[in-house]
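The values are calculated or read from the model by the stated rules, or taken from the named source; none is laboratory data. Predicted model, so just to flag it, every value in this text is computed and none were measured. Here the Cβ positions follow ideal geometry from the backbone for every residue, glycine too, while neighbour counts run over all protein chains shown.
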Amino acid sequence: MYLAGFKRRSMKEKGVLLFIAALSILAACSNDDSINVEVVPPRALAEVEAENDAEIKDYLKTHYYNYEEFENPPADFNFKIVLDTIAGDAQDKIPLSDQVSIMTIPVSSETFNLEDDVVVDHTLYYLEAREGTGGSPTVGDSTLVKYEGQLLSGNVFDSNVTYTWQYLPFFLRGYAAGISNFKVGTEVISNPDGTSEIIGSGIGLMFLPSGLAYYNNPPLSGGIELYDILVFQVNTGLFEEATDYDNDGIPSIMEDLNNNGILSDDNTDESVELSSGFGFLPNHLDQDDDQDGTLTREEIVIDNEGNITFPDSDGDGTPDYLDADS
Ligand SMILES: [Ca+2]
Ligand SMILES: [Ca+2]
Ligand SMILES: [Ca+2]
Ligand SMILES: [Ca+2]
């Protein structure tokens, strides 16, 4: 599984990563007596974004997918998206560029610990090959998916052919954001042979520029290179509406306090956690968000219909569950 999401790292974690990076370099050079390591600084976010975007646009103009099969599915059709070049017999096919939708996502250079303090808009391209019959998850929800990840070259680096639950905040930012555009199915049916399937699932494709994926920090295995564009085909089965991963009574998506679609950078008690040395739990993973010793669940009110209210007993504008002194 190569999809681990990014989070803002503590100094301690950065130290560990640097140490690991140093070990990797040493391992790579272990047969060479005269170690002369040239450290290449990460490239500028805006430059890579422009390069990636041009490459994706070019791909979308010169490729098509088997949309005709999706429009009139043959009896034995497996509902898999197949990409191919527009050429020869296929020269009249409609290019992907005429069929994709886009979403714009601002990415901070801080996400990748880059020196320059910039925010660069990134374009995510996605295609809904089959619309699901259910609703759409948020980036804070657990979603039941099948997926296949490949590079623009067509090389598959990861896939899961059976449905698996994914808590989207743990995955790549562009992947979670892309999935939130798709609809899921509505019904699970059991087959006589003991297997089950989901009726009406969504099938889609998305193109992630590297700033919405691994950027300069790809996994060590799988064949993903620095700044690679990733393409995911997904089949969205079901999702858990208003997923509350830490079970503190507040849906994860509502623990994205700065509303930027990244749940790992909201951590109300960060300074206390860093000084205690007991780890770093962003609010969506923290049952006591202000670390005042009273669980978040005890500091909010949920009525019989599930509506949540946030008492602010000292009237300072900060609700109790985020206020260490009330
Ligand atoms: Ca929660
Ligand atoms: Ca916390
Ligand atoms: Ca929480
Ligand atoms: Ca409190």
Revision key, fill the gap. The condition from (1) without any contact (Cβ under 8 Å) to a residue 24 or more places away in the chain; (2) within 29 Å of Tyr175 (Cα to Cα); (3) within 15 Å of ligand 2 (Cβ to nearest atom) that Phe278 misses is numbered (2)
Review point. In the set Asp265, Asp246, which member is in contact (Cβ under 8 Å) with a residue 24 or more places away in the chain, under 26 Å from Asp121 (Cα atoms) and among the acidic types (Asp, Glu)?
Key: Asp265
Review point. Just checking, how many residues over the stretch 271-303 are part of a helix (DSSP H, G or I), among the polar types (S, T, N, Q) and near ligand 3 (Cβ under 8 Å from one of its atoms)?
Key: 2
Check your understanding: When you go through (1) at pLDDT 95 or above; (2) at negative phi; (3) among the aromatic types (Phe, Trp, Tyr) one by one for Tyr227, which number turns out not to apply?
Key -> (2)
Review point. Of everything in the stretch 27-49 that's modelled with pLDDT of 65 or more and not in a loop (DSSP other than H, G, I, E, B), which residue is nearest to Glu110 (Cα to Cα)?
Key: Leu45
**Study point:** Filter result (of a type in the set (Gly, Ala, Ser), over 22 Å from Thr243 (Cα atoms) and away from ligand 4 (no atom under 11 Å from the Cβ)) within the stretch 278-326
**Key:** Gly279, Gly315, Gly317
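Conditions (1) among the aromatic types (Phe, Trp, Tyr); (2) surrounded by 17 or more Cβ atoms within 10 Å (Cβ to Cβ); (3) within 20 Å of Leu168 (Cβ to Cβ); (4) more than 11 Å from ligand 2 (Cβ to nearest atom), marked per residue:
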| site | (1), (2), (3), (4) |
| --- | --- |
| Asn258 | no, no, yes, yes |
| Asp269 | no, yes, no, no |
| Leu274 | no, no, no, no |
| His284 | no, yes, yes, no |
| Asp292 | no, yes, no, yes |
| Ile300 | no, yes, no, yes |
| Asp320 | no, yes, no, yes |
Revision key, fill the gap. For the stretch 237-247, the count of residues that are outside any loop (DSSP other than H, G, I, E, B) and out of contact with any Ser or Thr (no Cβ under 6 Å at 6 or more places or on another chain) equals 1
**Study point:** Test result for Thr133, surrounded by fewer than 20 Cβ atoms within 10 Å (Cβ to Cβ), not acidic (Asp, Glu) and not in a strand (DSSP E or B)
**Key:** yes
Point to revise | Within the stretch 217-231, tally of residues that are within 19 Å of Glu47 (Cα to Cα) and out of contact with any Pro (no Cβ under 8 Å at 6 or more places or on another chain) | key: 4
Exercise for review: Name every residue in the stretch 243-257 that is at negative phi and either near ligand 1 (Cβ under 7 Å from one of its atoms) or of a type outside the set (Asp, Glu) (or both), in order of residue number.
Suggested key: Thr243, Asp244, Tyr245, Asp246, Asp248, Ile250, Pro251, Ser252, Ile253, Met254, Glu255, Leu257
